[in-house]
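Here the structure comes first, spelled out in structure tokens, and everything after it is commentary.
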Amino acid sequence: MKKRLSLLMLFLVLLTGCWNSRESDKIDYVFAVGIDLSEADEIILTIQTPVLEALKPNAPGGEKKYKTISVKGKTTFEGIRNYIDVTGQKLFWGHTQTYVIGEEAARKGVGRFLDFFSADPELRGTSYVAVCKGKAKDLLEANPQFTPIPATYMNNLVKNAVLNGKSPTVMFADFNRMLAEPTGSQPYLPLMELMTREEYDKKHASILGKYMDYSKQTPVYYTVGTAVFHGTKLVGYLNEKETRGLNWTKNTLKSALVTVDCGEYGIASLELIGGVKERQKVKVEGDKAMVEVKVKANLNIADRSGFLDVSEEAVIRKLEKGFADVVTAEIEAAFNKAIRKYHSDIMAFGNTVSDANPKLWEQIKSRWENEILPRAELSITVEGRIRRTSRTLYSPWVKSPSD
């Protein structure tokens, strides 16, 4: 009897298969999706998928490696089902790298179209989310030739922009958590912008190529800044300095470069090493609040110009003081814009109060962002320590400015 049972179990194992498997030629793999609203207030999904045949090693050169198609629906799921009407293919979401939300859709509220992406079991919480200026459709339909598939270029930008401290990196699961309980810690996302090479050179390189034919240059995605939310709605933006001010208040910041101007002695770039240690304390008495932010960081001298002699203790102290001044100004700018102007506690000071005194938080949370926090006194303490100096410590051009 036992022998028969064992044989039966063996046959069952051999006969099993992937009951819900799907052939690769019958589905499209979503790499990126853009979300907009139509003039009739319908949801527009712009979906970018790879062309598998064009990605094979023996595929003819010059073939486009991806396709981008837009569909609409009154709900996200209806729009996704309408994709079949255009392509005859179902969508697989397990490889989705980035979600891009158009500016208008974000201002009207993301709650109406994100439910599907939160609930579908195929979707990963580790995909990245960003807001773009203008339409997400325009961003995904552009053809920047940095990678064979623009979605990969987009994903690399969103994932790595935080390394310079001028943009946050937010995964879909983290954004959902922010949306779940916004009072005490409001949501925010990185900001992405589509630019022509000429626009980029004018705005960010501050110079135009004299002999460059801009008509033949592909566009670029530019990822610097922060989209600030209040609840589910976009309320405004932080620029790159204000964004880094936000990031200084997060223990997640691992890399940044701060340039310090020492006047006649020259300029030095200080590189953050080992991340940031940030602590915050919030005191509330009645309707008055006192917010204390303390930042500690270790630094390297990455680059310098002028006559900075980093063997002198006074020069080191001057650079550290300059670093503290820059960071203090950036945190203050972020606080003034996000909290005093937009009334959005993206720095999570409300959570600090809630953790320390839950009873007090229950009493004040309804007035926290609109009344108490915007009028709070802000105290910032920054301690930067230079651990390593330049390898060109005794270079021949290092001299006193008076020489």
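Pairs with C-alpha atoms separated by more than 31 Å, drawn from the list 277/341; 203/296; 64/254, are 203/296; 64/254.
Of the beta bridges in the chain, as assigned by DSSP with both residues counted there, near 65 percent are antiparallel.
If you keep only loop residues by DSSP, which chymotrypsin sites (Phe, Trp or Tyr not before Pro) in the range 193-270 have at most 13 other Cβ atoms within 10 Å of their Cβ? Each step should come with its number before you reach the end.
Details: sites: 200, 211, 214, 221, 222, 229, 237, 248, 265; in loops: 211.
Hits after loop and neighbour filter: 211.
What is the sum of charges around residue 34, taking Lys and Arg as +1, Asp and Glu as -1, for the other residues whose C-beta is under 10 Å from the C-beta of residue 34? Residues near residue 34 contribute -1 overall.
A 1.4 Å probe run over the chain, with the rest of the protein chains in place, finds 53 Å² accessible per residue. Take every pair of alpha-carbon atoms less than 8 Å apart whose residues are at least six positions apart; their mean separation over the length of the range 154-286 yields a relative contact order of 24 percent.
The figure for residue 252 is an accessible area of roughly 110 square angstrom, using a 1.4 Å probe on the protein chains alone. Estimated at 0.36 nm per residue, the fully extended path between residue 146 and residue 75 surpasses their Cα-Cα distance by 22.2 nm.
Considering Cα pairs under 8 angstrom that are at least six residues apart, work out the relative contact order of the chain and quote it in whole percent.
On the way: 802 pairs, mean separation 51.0, N = 403.
Relative contact order comes out at 13 percent.
In nm, to one decimal, how far is the modelled label at residue 86 from the one at residue 261, with both set 7 Å along Cα→Cβ? Inter-label distance under the simple model: 4.9 nm.
Using a 1.4 Å probe on the protein chains only, how many percent of the accessible area of the range 86-144 belongs to carbon and sulfur? Show your work: numbers first, answer last.
Details: 1130 of 2340 Å².
Here carbon and sulfur together make up 48 percent of the probe-accessible area.
Using C-alpha pairs below 8 Å separated by at least 6 residues, the relative contact order for the range 146-205 is 22 percent.
Potential lengthening of the chain between residue 29 and residue 294 amounts to 90.9 nm, from the contour at 0.36 nm per residue minus the alpha-carbon distance.
Here the range 184-314 has 48 percent of its accessible surface on carbon and sulfur atoms, given a 1.4 Å probe and all protein chains in place. Against the criterion of solvent-accessible heavy-atom surface with a 1.4 angstrom probe, 201, 174, 287 sort, most first, into 287, 174, 201.
The label-point distance for residue 67 and residue 198, in a model that sets each label 7 Å from Cα toward Cβ, rounds to 3.3 nm. Using 0.36 nm per residue and subtracting the Cα-Cα separation, the extra length available between residue 287 and residue 233 on full extension is 16.8 nm.
Given +1 on the Cβ of Lys and Arg, -1 on the Cβ of Asp and Glu, and no further charges, what dipole in debye does the chain carry about its Cα centre, rounded to the nearest 20?
On the way: 56 positive and 50 negative charges, 235 e Å.
The calculated dipole for the chain is roughly 1120 debye.
Residues 213, 345, 120, 303, ordered by accessible area of protein heavy atoms at a 1.4 angstrom probe radius and largest first, appear as 303, 213, 120, 345. Diagonalising the gyration tensor over the Cα atoms of the chain and scaling each eigenvalue by 5 before taking the square root yields semi-axes of 43, 30, 24 Å, largest first.
The values are calculated or read from the model by the stated rules, or taken from the named source; none is laboratory data. In this text the structure is predicted, and so the values were computed from the model without any measurement. We place every Cβ from the backbone using ideal geometry, glycine too, and count neighbours over all the protein chains shown. These area figures cover heavy atoms from the full protein model, side chains too; ligands, DNA and RNA do not enter into them. Shrake-Rupley method; radii C 1.70, N 1.55, O 1.52, S 1.80 Å.
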